[in-house]
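K.L.:
Shown below is the structure under consideration.
The values are calculated or read from the model by the stated rules, or taken from the named source; none is laboratory data. The shown structure was predicted, so the numbers you read here are calculated from the model rather than taken from an experiment. Note: ideal-geometry Cβ built from the backbone for every residue, glycine included; neighbour counts use all protein chains shown. To get the accessible areas, we keep the full protein, side chains included, count just its heavy atoms, and leave off ligands, DNA and RNA. Shrake-Rupley method; radii C 1.70, N 1.55, O 1.52, S 1.80 Å.
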Amino acid sequence: MKIILKNISAVILGWVVGSFINMSLVQVGNSVYPIKGIDPNDMQALAEIMPTLDTQHFIFPFLAHALGTLVGAMVAYVIAHNHKMKFALSIGGFFLLGGIAVNYMLTGPAWFTVLDIVAAYLPMAWVGGNLMGRLLKKETK
């Protein structure tokens, strides 16, 4: 039972920490590259203007998705009792589903959608899991 609770905690905490990183970077991006005349909390207004935005407006969303997934996967890897890489990749899968939903609701340029879906989620979860595996292996030596 303890193993199951630890593994469930890995997914929940990985998702929560990754989401916090994601939302924090999105907020920073809204401060660094504000969209003139748009409330960043108005999803309808964002959906209408997204296809017309410059590349600079997509830097922080990509970083938010990639780094949120990376850190969330690292947290899940550290907390999981066993099958650590599977739990790290599961964080990537959850964030991928969210990314697909957001890219559907807020359709941006095709290049961003492809880059986001292909590079920000599963690859970053894999990198996070591998990085933590190597770091933890060094600690035990």
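K.L.:
Which residues, taken from segment 38-69, are in contact (Cβ under 8 Å) with a residue 60 or more places away in the chain and either in contact with a Ser or Thr (Cβ under 7 Å, 6 or more places away or on another chain) or open to solvent by less than 40 Å² (accessible area, probe 1.4 Å) (or both)? Outline the logic, then answer.
P.N.:
Quick first cut of segment 38-69, residues in contact (Cβ under 8 Å) with a residue 60 or more places away in the chain only: 43, 46-47.
Those that are in contact (Cβ under 8 Å) with a residue 60 or more places away in the chain and either in contact with a Ser or Thr (Cβ under 7 Å, 6 or more places away or on another chain) or open to solvent by less than 40 Å² (accessible area, probe 1.4 Å) (or both): Leu46, Ala47.
K.L.:
Between a residue in segment 21-34 that is closer than 14 Å to Asp54 by Cβ and any residue that is outside any helix (DSSP H, G or I), which pairs come within a Cβ distance under 8 Å, given they are 6 or more apart or on different chains?
P.N.:
Pro34/Pro40
K.L.:
For the list (1) more than 30 Å from Thr52 (Cβ to Cβ); (2) open to solvent by 30 Å² or more (accessible area, probe 1.4 Å), I need the number of the one condition that Val102 fails.
P.N.:
(1)
K.L.:
So Val78 ticks every box in (1) farther than 22 Å from Val118 by Cβ; (2) touching a residue at least 24 places away in the same chain (Cβ under 8 Å); (3) open to solvent by less than 50 Å² (accessible area, probe 1.4 Å) but one. Which box is left unticked?
P.N.:
With (1) farther than 22 Å from Val118 by Cβ; (2) touching a residue at least 24 places away in the same chain (Cβ under 8 Å); (3) open to solvent by less than 50 Å² (accessible area, probe 1.4 Å) applied to Val78, the lone miss is (3).
K.L.:
Just need a number here: residues in segment 84-103 that are closer than 14 Å to Asp116 by Cα and aliphatic (A, V, I, L, M).
P.N.:
5
K.L.:
Mind counting the residues in segment 57-116 that are more than 16 Å from the chain's Cα centre (by Cα), of a type in the set (Gly, Ala, Ser) and over 19 Å from Leu136 (Cβ atoms)?
P.N.:
Counting residues in segment 57-116 that are more than 16 Å from the chain's Cα centre (by Cα), of a type in the set (Gly, Ala, Ser) and over 19 Å from Leu136 (Cβ atoms) gives 2.
K.L.:
Determine which single condition Ala47 fails, assuming it passes every other condition in (1) at pLDDT 85 or above; (2) part of a helix (DSSP H, G or I).
P.N.:
Result: Ala47 passes all but (1).
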